[in-house]
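Colleague: The following block contains the structure, expressed as structure tokens.
The values are calculated or read from the model by the stated rules, or taken from the named source; none is laboratory data. As the structure is a prediction and not an experimental result, all values here were calculated from the model. Here the Cβ is made from the backbone with ideal geometry for all residues, glycine too, and neighbour counts use every protein chain on show.
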Amino acid sequence: MTTPPGSLPDLPPLPLDFHLLAAQHRYGLPTDWQWRTITSLDGGFIELAGASPIGTYQRGKRKGLSKFPPKASYRRVIITHQNVAEARHQYEAKTGMCSWCQGTGQQVASISIVNGITCRPCPHCNGSGTATLIP
Ligand SMILES: [Zn+2]
């Protein structure tokens, strides 16, 4: 997949956020909750701090983007690398697709206005798009 040189490339859909999925699963967070900071802690723990949007910016350079409450009111949750791995396993068991490329078999290699978007085969599934974590 490439876009014509000189045109601003359409970004491919963002890959699923398995840190968010693990946190939602473990803490029952609202579906619109988003982490705003992510911190790796000692011992295999990961701290996510975030909130649900409280609206969108109506004007200015951030017009249309989600607005969040003050940082001091963010909810802090702790997950583990194991939780993230379990979220990947659950996705692959449910869909049969590779959790890294979500079945596309592709990974974005570079994004450039000059050269457009360049993809390469997903290294986790060797470009097949099928699940690799489950037997
Ligand atoms: Zn893949």
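Colleague: Being part of a strand (DSSP E or B) and in contact (Cβ under 8 Å) with a residue 24 or more places away in the chain: is that true of residue 134 here?
Modeller: Values: part of a strand (DSSP E or B): no; in contact (Cβ under 8 Å) with a residue 24 or more places away in the chain: yes.
Considered against the rule, which asks whether it is part of a strand (DSSP E or B) and in contact (Cβ under 8 Å) with a residue 24 or more places away in the chain, residue 134 comes out as no.
Colleague: Taking residue 87, is it in a helix (DSSP H, G or I) and buried (at least 17 other Cβ atoms within 10 Å of the Cβ)?
Modeller: yes
This table checks each residue for (1) surrounded by fewer than 11 Cβ atoms within 10 Å (Cβ to Cβ); (2) within 19 Å of residue 129 (Cβ to Cβ).
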{"site": "34", "(1), (2)": "no, no"}
{"site": "44", "(1), (2)": "no, no"}
{"site": "57", "(1), (2)": "no, no"}
{"site": "62", "(1), (2)": "no, no"}
{"site": "68", "(1), (2)": "no, no"}
{"site": "72", "(1), (2)": "yes, no"}
{"site": "101", "(1), (2)": "no, yes"}
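Colleague: May I pose another question? Looking only at residues in region 67-124 that are farther than 19 Å from residue 18 by Cβ and among the small types (Gly, Ala, Ser), which one is farthest from the ligand (Cβ to nearest atom)?
Modeller: For region 67-124, the residue satisfying everything is 72.
Colleague: So is residue 128 within 12 Å of the ligand (Cβ to nearest atom) and within 21 Å of residue 19 (Cα to Cα) or not? Steps first, answer last, please.
Modeller: On the way: within 12 Å of the ligand (Cβ to nearest atom): yes; within 21 Å of residue 19 (Cα to Cα): no.
Considered against the rule, which asks whether it is within 12 Å of the ligand (Cβ to nearest atom) and within 21 Å of residue 19 (Cα to Cα), residue 128 comes out as no.
Colleague: I've got another one for you. Quick check: is even one residue across region 105-121 part of a helix (DSSP H, G or I), touching a residue at least 40 places away in the same chain (Cβ under 8 Å) and crowded, with 16+ Cβ neighbours inside 10 Å?
Modeller: no
Colleague: Related question: Run down 12, 5 and say which single residue is within 25 Å of residue 124 (Cα to Cα), at pLDDT below 95 and loosely packed, with under 15 Cβ neighbours inside 10 Å.
Modeller: Only one candidate qualifies: 12.
Colleague: Name the single residue, out of those in region 90-99 being among the small types (Gly, Ala, Ser) and surrounded by fewer than 17 Cβ atoms within 10 Å (Cβ to Cβ), that is farthest from residue 44 (Cα to Cα). Before the answer, list the steps.
Modeller: Let us first name the residues in region 90-99 that are among the small types (Gly, Ala, Ser), namely 93, 96, 99.
Pick out the ones that are also surrounded by fewer than 17 Cβ atoms within 10 Å (Cβ to Cβ) and you get 93, 96.
Numbers: 93: 24, 96: 27 Å.
Ranking the qualifying residues of region 90-99, first place goes to 96.
Colleague: Right, something else. In this structure, does residue 44 turn out to be in contact (Cβ under 8 Å) with a residue 12 or more places away in the chain, on the phi > 0 side of the Ramachandran plot and within 15 Å of the ligand (Cβ to nearest atom)?
Modeller: So residue 44 fails the test.
Colleague: Test residue 64 against the criterion of being small (Gly, Ala, Ser), touching a strand residue (DSSP E or B) at 6+ places or on another chain (Cβ under 9 Å) and within 10 Å of the ligand (Cβ to nearest atom), and give yes or no.
Modeller: For residue 64, the condition - small (Gly, Ala, Ser), touching a strand residue (DSSP E or B) at 6+ places or on another chain (Cβ under 9 Å) and within 10 Å of the ligand (Cβ to nearest atom) - is not met.
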